[in-house]
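These notes concern the structure reproduced below.
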Amino acid sequence: MKTARALICFLLAGLAFAAPPRPRKIVLIAGPKSHGPGAHEYLKSVKLLKVLLDRSPNAGPVTTEVYFNSWPEHPETLDTADTVVIISEGQPGDNNPPVPYMIHERMKMLEKQMQRGCGIVTIHYTTFITYAYVDQILEWQGGYYEWKGPPERRSAIKTLETDVKLGVPQHPISNGLHDFKLKDEYYYKLRFRPNDPRLKPILQVPALSDDLEQQIVAWAVERQGGGRGFSTTTGHYFENWKNDSYRKLMLNAILWTSGADVPPGGVESTYVDEQAVDQALMVNSIPALVVTSDPKRGAYIVSALNSETPRFQVKIADSLERENLSRYKLILLTESHPGDKAHLIRYRKHGGGVALVHISPGTANESSGVYRIRIAADHPITHNVAAFETTDRLATGSLDASDTRVLATAQLKDGGKEQPVAFVSERSRSRIFQTTLGGNAAGLQNPGTMQLIRYGSLWAAENK
């Protein structure tokens, strides 16, 4: 009896002093946005995933880091990551740029992480690979979208609202899940390593093909010697994050690739809207006043300002009147009023930053069309902005100020004279950023324009 009691006490003591699960470090990387609103929302997706993982009641101890512009500024952070989640542009043809992470130095860094057993997750367009790295991708992730070769061998795309089925219900990524319905732009008929015993078809879409392998739209591999990979061709529509089953699938996959145990009922989460995500992630907040009489334009501006790590605490007003301007580090105007000039002169004397969106530097004229935007100067605002194309209504006018520096120019796609569309100046201890872009909804939501507005506003505000 004494022996039995001693054994029970020993076992209970062991339970009491069992080490807690090791915190898992999850690095979330987004490429620059390229599609219109609601699709390929790379930046919004990684911000949301961070909040979902941070708030999940049963994901276990996790730390999450989010990076934009396709790669961490300090890549050594990957040395301690348990998994790396990448959602970005792919490479759909030989004449297109490589996948943002598939360049030599970055792949060397990832190779180092894969060799030590780090996990990797790639989502949707990121599965359009750069073919120089076929062998690594097949080893790390098991498969990809085949855009080369004879037409009959190439992968395919179809948008459907249909039933998706669990390919391996007993896999930890499937914990807490049953078959569900999902509308997405599915890539299918994918390229996998032949007869790969590691390959687990996590999600299949029967409506896409009668061939079971061609139905696969999400899959997982466990590498020999450690390390896990998960990829999915789903993820076109941001709206799908509101689908409880889809959200659970993705969170389960991220946790599984980190080496953690997936809870038996799956990772629990509640969808968080964009405004709440930005509030949760806000760092070193910058009080900003956005002046516009159009609530929709105001919403587009706020979305641009906080498109990456949220920094701006924004109030929207229809004029500068009745506002205590000394409270703000940035005033952003999308329209001008007769009394604004005097208010702004006083504000700028105290070093306040100003951003002007779709306001002409001279006599106001407007022109609409499809424009090619060229970056004309190396400046903190333009460091991460590439040339882009936009359908917009520009505010045009003559620029003759000697203290103004042009950062970007526009030319109609069909040809014509180049005109300045983004410029900066520093006057009276105050920085001013101005762009004539953003005259319509499509222009304001263009990813390149959004970057100019965000970076220009940060540059103007951080002088104060």
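The values are calculated or read from the model by the stated rules, or taken from the named source; none is laboratory data. Since we're looking at a predicted model, the values are computed, not measured. Cβ atoms come from the backbone with ideal geometry, glycine included; neighbour counts cover every protein chain shown.
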Quiz item: Which residue out of LEU407, LEU444 is buried (at least 23 other Cβ atoms within 10 Å of the Cβ), within 29 Å of the chain's Cα centre (by Cα) and modelled with pLDDT under 95?
Solution: LEU444
Exercise. State whether one or more residues within the stretch 338-345 are within 20 Å of PRO295 (Cα to Cα), surrounded by 13 or more Cβ atoms within 10 Å (Cβ to Cβ) and among the acidic types (Asp, Glu).
Key: yes
Quiz item: How many residues, within the stretch 300-356, are among the small types (Gly, Ala, Ser) and outside any loop (DSSP other than H, G, I, E, B)?
Solution: 7
Quiz prompt | In the stretch 28-48, the residues that are of a type in the set (Ser, Thr, Tyr) and surrounded by fewer than 20 Cβ atoms within 10 Å (Cβ to Cβ) | solution = SER34
Practice problem: Might you check whether a residue that is over 21 Å from ILE86 (Cα atoms), small (Gly, Ala, Ser), in the same structural domain as GLN214 (by TED's automatic domain parsing) and out of contact with any strand residue (DSSP E or B) (no Cβ under 8 Å at 6 or more places or on another chain) occurs anywhere in the stretch 175-183? | Solution: yes
Quiz item: Residue check: is ASP211 assigned by TED's automatic domain parsing to the domain that holds THR257 and assigned to a helix (DSSP H, G or I)?
Solution: no
Practice problem: Could you check how many residues of the stretch 252-282 are in contact with a Ser or Thr (Cβ under 6 Å, 6 or more places away or on another chain) and either in the same structural domain as TYR328 (by TED's automatic domain parsing) or in a helix (DSSP H, G or I) (or both)? | Solution: 1
Practice problem: Could you figure out which of (1) modelled with pLDDT of 95 or more; (2) within 21 Å of PRO447 (Cα to Cα) isn't true of LEU330? | Solution: (2)
Exercise. State all residues of the stretch 68-80 that are farther than 26 Å from PRO447 by Cβ, of a type in the set (D, E, K, R) and either in contact (Cβ under 8 Å) with a residue 24 or more places away in the chain or not in a helix (DSSP H, G or I) (or both); if no residue qualifies, say none.
Key: ASP79
Quiz prompt | strands (runs of 3 or more DSSP E) (entirely within the stretch 380-453) containing at least 1 residues that are closer than 23 Å to ASN69 by Cα, of a type in the set (D, E, K, R) and not assigned by TED's automatic domain parsing to the domain that holds GLU308 | solution = none
Self-check item: Among (1) touching a Phe, Trp or Tyr at 6+ places or on another chain (Cβ under 7 Å); (2) in a helix (DSSP H, G or I), the one test that ARG297 misses
Solution: (1)
Self-check item: Residue satisfying all of: in the stretch 423-441; closer than 14 Å to ALA304 by Cα and of a type in the set (A, V, I, L, M, F, W, C); surrounded by the most Cβ atoms within 10 Å (Cβ to Cβ) among these
Solution: LEU437
Quiz prompt | Which numbered condition ARG247 fails, given (1) of a type in the set (Lys, Arg); (2) over 30 Å from GLY167 (Cα atoms); (3) within 18 Å of the chain's Cα centre (by Cα) | solution = (2)
Quiz item: What single numbered condition from (1) closer than 22 Å to VAL134 by Cα; (2) modelled with pLDDT of 95 or more; (3) part of a loop (DSSP other than H, G, I, E, B) fails to hold for ASN58?
Solution: (1)
Quiz item: Which number in (1) buried (at least 23 other Cβ atoms within 10 Å of the Cβ); (2) under 18 Å from ALA304 (Cα atoms) marks the one condition that ALA386 misses?
Solution: (1)
Self-check item: Verdict on GLU65 being assigned to a helix (DSSP H, G or I) and within 20 Å of ARG24 (Cα to Cα)
Solution: no
Quiz item: Pairs under 7 Å by beta carbon, first residue loosely packed, with under 15 Cβ neighbours inside 10 Å in the stretch 317-331, partner of a type in the set (Phe, Trp, Tyr) and modelled with pLDDT of 90 or more, six or more apart or different chains?
Solution: none
